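The structure appears below as structure tokens.
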Amino acid sequence: MSRRWRTLSGLLVAFSILCWFLPLFHIRPLGGDETGQDLQATTEPARSQQAGATQTNAEPTSAEPTSAGAPGSLALRAKGTDVQQLWDAFDQDAVEARKQYGRQAGLGGAFYFCITGQGTIQSVEGDRVMITVDGSPRRVCLELGVVVGNTVREALGVKASDFKNSQEFNAVSTEFNRQVEQDIIAPNRDRLQPGALVQFTGCAKLGGQSDLNPICLVPIQLTVQGHDTSSAGTSAKASGELPP
Amino acid sequence: MFRLPTVAFRSAKVAALRTFAERTTTIFGTFAERTTTVVILLLVGCNNVATNSADIANKDNAGSTSSPNTNSQDKPQRVAVIISTLNNPWFVVLGETARDRTLELGLQATLFDSQNDTAKEAEHFDNVIAAGYSAIIFNPTDADGSIASVKRAKAAGVPVFCIDREINANDAAMAQLLSDNYSGCVELGKYFVEKVGDKGKYIELLGLVGDNNTWNRSKGFHSVVDRYEGLKMAAQQSADFDRNKALEVMESLLQSHDDIKAVFCGNDAMAMGAYQALLAAGKAEKVQVFGYDGSEDVIQSISQGKITATVMQYPKLMAKTAAEYAHQYLTAAKRDFEQKIPVNVDLVTQANISDFAGYGKKE
């Protein structure tokens, strides 16, 4: 009897030691992505947000982006055209302005622009911030709502050919949109009040004349300086830009 | 002396015959190779060429010097148009436009139907390469499964121009013209929320799960709709871009989901199938259907208020451009094509339906 118990106890101790070094399972926090592939995670909205749905099909796994298409590095391409310069160019020759300052998305696609400038916030209307630009009767509008679509990607000149497939290419848009919402809009939203001075760089799709006043931008860089010119320089400064 | 059997093989045996012949070529040298080529050339003429282009295929006359476009070796400049399926009117338009534009440009053209079967598609490639075609305009069946065929063509010196569907490789095809499906479904998603509202249940019918277009459309749509917590996807199932399958799937789903407000379909064929199922269940008035493609029957259905919206792809633009690229490659030695070329798409609703006809804008 005692020998049998000793054997069982020995086996139990040996099993415990084995489990200590080779655990049967690991507990990891939800969302903890050790590989840093947040780009991949953002490509699966259907799965992440529709957990209760009946899904019968397995989605093919998207591969890693090519180095040329790494979204983080694309912020370095954000060389905007001055908004006044763009307005002047459109006034002279709209076709030439599109050709010179815009980027056409594929065959027969719209023209996208990366635009920079500064002005004073005139009003905040829900998710839209209206800005007056010195020396111009026209206005700029910053879109602070939900960011969807490919406006940022196209305006920054990301090319489909740099990616192995269109899913990876589209994942760049998802990642850019996430960065704009989290890193640019969220930290600046409360500071964007009437009277504040704003330096902005943003992306827009421009078609006809109606898109020129106001020019509505998805902001990718913002610097907000307190209230109007009289207090500029003395107030606190907040800025945001897509990380390099 | 090695001699190939002279009995007529059915198309399904072509690949096996070629594999067998390739092995024997190493043993019997050039004689077997030439014999194999002759047999395959004979088989090409009687297998799997789409019936509606048989007359064009018959015009192909190996060794003929009457063609206006010939290369330095006086070989005929022939272009193969290999389409994933001709069982869907949208793809018929795609294939026939590519073929017709190629003919307009003075080249020979033959249309092949892969019947959504990667094996059949590979067989077409083998035949086309062996028959000495100069270029291929290609609508793949599978983003991964079709890569090997394109690489075989490239190795044989035959350029491939992909249209509408892509392959997951940048180093195989000469160029790939692809509808901007993601953007199209972002716009469709916005309109979906506008029409359905920000609360309620809906069903999504996916296309072929191996096709990137399926997921680009789905992800574009969800990038908008998933931002509204009140919109719940009750079910998501594949109907393979097929109208009849969509009808069956929808009938089945309606048994367990009778409280849906809308159906988002990855193409128009499935939208028509879903609408048919809703009509039979007496729910066509209550449930809004959204498609994708811009096919003739859906454009008509939008104007009649049966389907809520679709996204217009431009199959004729893609097909014509691919034919022109092939022509430039063959006659002007152009090689610097952009690898991936997105093609613009447009949202079609009752508000702008007057601007559109089936498969494009009104001319």
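The values are calculated or read from the model by the stated rules, or taken from the named source; none is laboratory data. Values in this document were obtained by computation on a predicted structure and should not be read as measured data. Heads up, the Cβs are rebuilt from the backbone with ideal geometry, glycines too, and the neighbour counts pull from every protein chain shown.
The table below gives the values:
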| quantity | calculated |
| --- | --- |
| Filtered residues of the range B:170-192 (kept if more than 8 Å from chain A (Cβ to nearest Cβ), within 22 Å of B:GLN350 (Cβ to Cβ) and among the hydrophobic types (A, V, I, L, M, F, W, C)) | B:CYS185, B:LEU188, B:PHE192 |
| Strands (runs of 3 or more DSSP E) within the range B:114-228 that include 1 or more residues hydroxyl-bearing (Ser, Thr, Tyr) | B:175-179, B:200-206 |
| Residues that are assigned to a helix (DSSP H, G or I) and of a type outside the set (Val, Ile, Thr), drawn from the range B:231-255 | B:ARG243, B:ASN244, B:LYS245, B:ALA246, B:LEU247, B:GLU248, B:MET250, B:GLU251, B:SER252, B:LEU253, B:LEU254, B:GLN255 |
| B:ASP164 vs. criteria more than 9 Å from every other protein chain (Cβ to nearest Cβ), within 17 Å of B:TYR314 (Cα to Cα), surrounded by 24 or more Cβ atoms within 10 Å (Cβ to Cβ) and among the charged types (D, E, K, R) | yes |
| Residue match in the range B:256-278 (condition: touching a residue at least 40 places away in the same chain (Cβ under 8 Å), outside any loop (DSSP other than H, G, I, E, B) and surrounded by fewer than 21 Cβ atoms within 10 Å (Cβ to Cβ)) | yes |
| Residue ID - nearest to B:GLY184 (Cα to Cα), chosen from residues in the range A:154-209 that are within 12 Å of the chain's Cα centre (by Cα) and acidic (Asp, Glu) | A:GLU175 |
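Okay, residues lined up against (1) of a type in the set (Val, Ile, Thr); (2) outside any loop (DSSP other than H, G, I, E, B); (3) assigned by TED's automatic domain parsing to the domain that holds A:LEU222:
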| residue | (1), (2), (3) |
| --- | --- |
| A:GLY117 | no, yes, yes |
| A:THR120 | yes, yes, yes |
| A:ILE131 | yes, yes, yes |
| A:ASP134 | no, no, yes |
| A:CYS141 | no, yes, yes |
| A:ARG153 | no, yes, yes |
| A:SER161 | no, yes, yes |
| A:LYS164 | no, no, yes |
| A:PHE169 | no, yes, yes |
